[in-house]
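Quick note: the coordinates plus some simple rules give every number you see, no bench work behind them. Keep in mind that what you see is a predicted model, and the values were worked out from it rather than measured. Backbone-built Cβ (ideal geometry, glycine too); neighbour counts: all protein chains shown.
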Amino acid sequence: MIELLVLTILMALGFDFLNGFHDSANAISTVVATRVLTPMQAVSMAAIGNLIGPLFFTTAIAATIGKEIIDTKAIQILLPQDTFIVMILAALVGAIIWNILTWFFGIPVSSSHALIGGLIGAATVAVGPQVLLWDGINKVLIFIVVSPILGFVVAFLFGLIVMGILKKSAPAKVNFWFKKLQILSAFFYSVTHGTNDAQKTMGIITILLVVGGFLTEFEIPLWVVLMCHIAICLGTWLGGWRIVKTMAHKITQLKPYQGFCAETAGGVVLIQMANMGVPVSTTHAIAGAIMGVGSTKNPKSVRWGLSRNIILAWFITIPFSAVVSAGIYFIIHSFL
């Protein structure tokens, strides 16, 4: 069982790495789009922001993933230790497969929702639907819709305010100052991105430590916090450039002040969600913010056809990951 436990923890860190790799576009797309930073400068800055995220905010999202999606206490009673660990392993593999597929096609989707879908699918086939905690799942489902809308509205209103303040200013002067401010807003978003996303893996690893008998209760050790943030930091630093191109150039064309508004709005949404313990998608928040700020001058400047396809992929993420994870569980369990 120890070997299986170690393998699953390594797989969780691999998922965290891929999360950073897949979602690097969230933090850097706007500064790349406005040419404020080069791609390598932007991704290096985002990696640092992801690394220091846990120093400032809560770990409430990790607790939500660990205790409010599936009934881990009931599953511990119903399943042997090794089967429980296989269930978690299957959930991680399903989420990783979805991340790799969407990365290949350059589609910005939620790694967080892929993991939640994986947990739902693996737990359902391993034990049954009675171990699903619908209060927590419904909260996640609701915020699939709420978080991009919040990002859109906050960025749209913020963009209008900034446009009103700067309407008599020379464009060259506006670009000069907002290129500097955008570096700060991008770093701010990177910190909130790391805080939000790395927590999901913290919750998974803490579950595994409880199941393996290394912890008596769900309490996240410091080394787990640090390892998860190092993994997501490394993934971000390597960067998933296919998705960066989609987020930076294909949804809409951004000016520096618009990038500043989008990053700030997205970061504000993520801080609020982190404090509430809601595992929202950083991808949804920043994509909604980019669409919102892009609509301030002319809604036609947003490529709504592409945006519609992205949103469709958001809704497919949880069921796809659930089905794949269920299949992976059957395959792995058959060899035990």
Expected vector for the stretch 212-220, Karplus 3J(HN,Hα) from phi with 6.51, -1.76, 1.60 and θ = phi - 60°, integer Hz, x for Gly and Pro, equals x, x, 8, 10, 8, 8, 6, 9, 6
Reachable lysines, given that their alpha-carbon falls under 21 Å from the alpha-carbon of residue 179 and they are not under 8 places away in the same chain | 167, 168, 245, 250, 255, 297
Convert each backbone phi in the stretch 88-95 into a coupling constant with the Karplus relation 6.51 cos²θ - 1.76 cosθ + 1.60 (shift: θ = phi - 60°), then list the ³J(HN,Hα) values in order as whole Hz, x for Gly and Pro.
-> 5, 4, 4, 4, 5, 5, x, 5
Out of 330, 229, 266 - ranked by how far each Cα lies towards the positive end of the dipole of the chain, with unit charges on the beta-carbon of charged residues - the top one is 266
Against the globular-protein guess of 2.2 N^0.38 Å, express the Cα radius of gyration of the chain as a ratio, rounded to two decimals.
-> 0.98
In what sequence do 282, 34, 8 fall when counting other Cβ within 10 Å, fewest first?
-> 34, 8, 282
Per residue of the stretch 75-80, in order, report the coupling 6.51 cos²θ - 1.76 cosθ + 1.60 (Karplus, θ = phi - 60°) as ³J(HN,Hα) in whole Hz, putting x for Gly and Pro.
-> 5, 4, 6, 8, 10, x
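Can you give the local net charge around residue 87? Use residues other than it whose beta-carbon is closer than 15 angstrom to its beta-carbon, Lys and Arg +1, Asp and Glu -1. It would help to have the intermediate numbers written out before the result.
Details: positive: 73; negative: 71, 82.
Net charge around residue 87: -1.
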Candidate aspartates and glutamates - alpha carbon under 14 Å from residue 139, same-chain residues fewer than 8 apart omitted | 68
Amide H contacts under 5 Å for residue 70, restricted to residues at least 5 apart in sequence or on another chain and with H modeled in the peptide plane, are 133
When 79, 157 are arranged by how many other beta-carbons sit within 10 Å of their Cβ, fewest first, they go 157, 79
Could you tally the net charge around residue 261, taking each other residue with its Cβ under 14 Å from the Cβ of residue 261, Lys/Arg +1 and Asp/Glu -1?
-> +2
Write out the chymotrypsin sites (Phe, Trp or Tyr not before Pro) in the stretch 127-182 meeting two conditions: DSSP loop, and at most 11 other Cβ atoms within 10 Å of their Cβ.
-> none
